[in-house]
Amino acid sequence: MYKYNLLILTIFLLFGCESNAQKTSSTSEFKIQKTKEEWKKVLTDNEYHVLREAGTERAFTGKYNKFYKEGTYHCKACKTLLFTSDHKFDSGSGWPSFDTPIKENIGYDTDNNLGHTRSEIHCNTCGGHLGHVFNDGPKETTGKRYCVNSVSITFKEK
Ligand SMILES: [Zn+2]
């Protein structure tokens, strides 16, 4: 009987340590967390490159560049609502452009990849990279241009 109790105690302690370790490793800002392998299962290579490695699709190649149907744009990785067609405009840049996002669903970061500082934008739910925000948007609205990769988003018709 004593041996049996000791065994139970040992198992309890082992699991106790494991759950503590898990707690400390999952303190992150994003609600949706996946490993590299898990993301690769649900995203194409191109989507993975843009969303998870902050890549950029080639200008004028994205499917939402010249696309003006009425509806909503969601994160390709986690389906969070990010933009609406009411705020989409043709910037001529070669990427889908919006003057206003769904504020609480977008996060910002500073990125120095090209030698100068730009504001990186990402999905606030999963951390997926969307594009950048610039100050050369339409003056009559916000003056902002949210420049987004088509592969980072998916469209839902109204
Ligand atoms: Zn997302």
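The values are calculated or read from the model by the stated rules, or taken from the named source; none is laboratory data. A quick note: this is a predicted structure, and the numbers were derived from the prediction, not measured. All Cβ positions, even for glycine, are placed from backbone atoms using ideal geometry, and neighbour counts span all protein chains on display. Accessible surface is based on the protein model in full, side chains and every heavy atom, while ligands, DNA and RNA are left aside. Shrake-Rupley method; radii C 1.70, N 1.55, O 1.52, S 1.80 Å.
Might you report the magnitude of the Cβ-based charge dipole of region 104-158 about its Cα centre, with Lys and Arg at +1 and Asp and Glu at -1, to the nearest 20 debye? Walk me through the intermediate numbers first.
Details: 6 positive and 7 negative charges, 35 e Å.
Magnitude of the dipole: close to 160 debye.
What does the net charge come to around Gly107 if you take all other residues with beta carbon closer than 13 Å to its beta carbon, with K and R at +1 and D and E at -1?
Computed value for this residue: -3.
Which links in Lys69/Lys144; Lys103/Lys144; Lys36/Lys63 stretch past 19 Å when you go from one Cα to the other?
Cα-Cα > 19 Å for Lys69/Lys144; Lys36/Lys63; rest within.
What is the sum of charges, Lys and Arg at +1 and Asp and Glu at -1, for the other residues whose Cβ falls under 14 Å from the Cβ of Thr72?
Around Thr72, the charge tally is +3.
Might you tell me the accessible area per residue for region 44-108, computed with a 1.4 Å probe and given in Å²? Don't skip to the end; give the middle numbers.
Values: 3330 Å² over 65 residues.
That works out to 51 Å² per residue.
Please compute the length gained on full extension between Glu140 and Thr56, using 0.36 nm multiplied by the number of residues separating them and subtracting their Cα-Cα distance.
27.4 nm
If each residue of separation counts as 0.36 nm, what is the full-extension length gain between Thr100 and Lys79 once their alpha-carbon separation is subtracted?
Details: separation 21, 0.36 × 21 = 7.56 nm, distance 1.81 nm.
Full-extension gain reported as 5.7 nm.
Ignoring ligands, DNA and RNA, please state the percent of accessible area on region 55-141 from carbon and sulfur, probe 1.4 Å.
49 percent
Would you list which aspartates and glutamates come within 12 Å of Lys88, measuring only between C-alpha atoms, while excluding same-chain residues fewer than 8 positions from it?
Those aspartates and glutamates meeting the cut-off are Glu70, Asp99.
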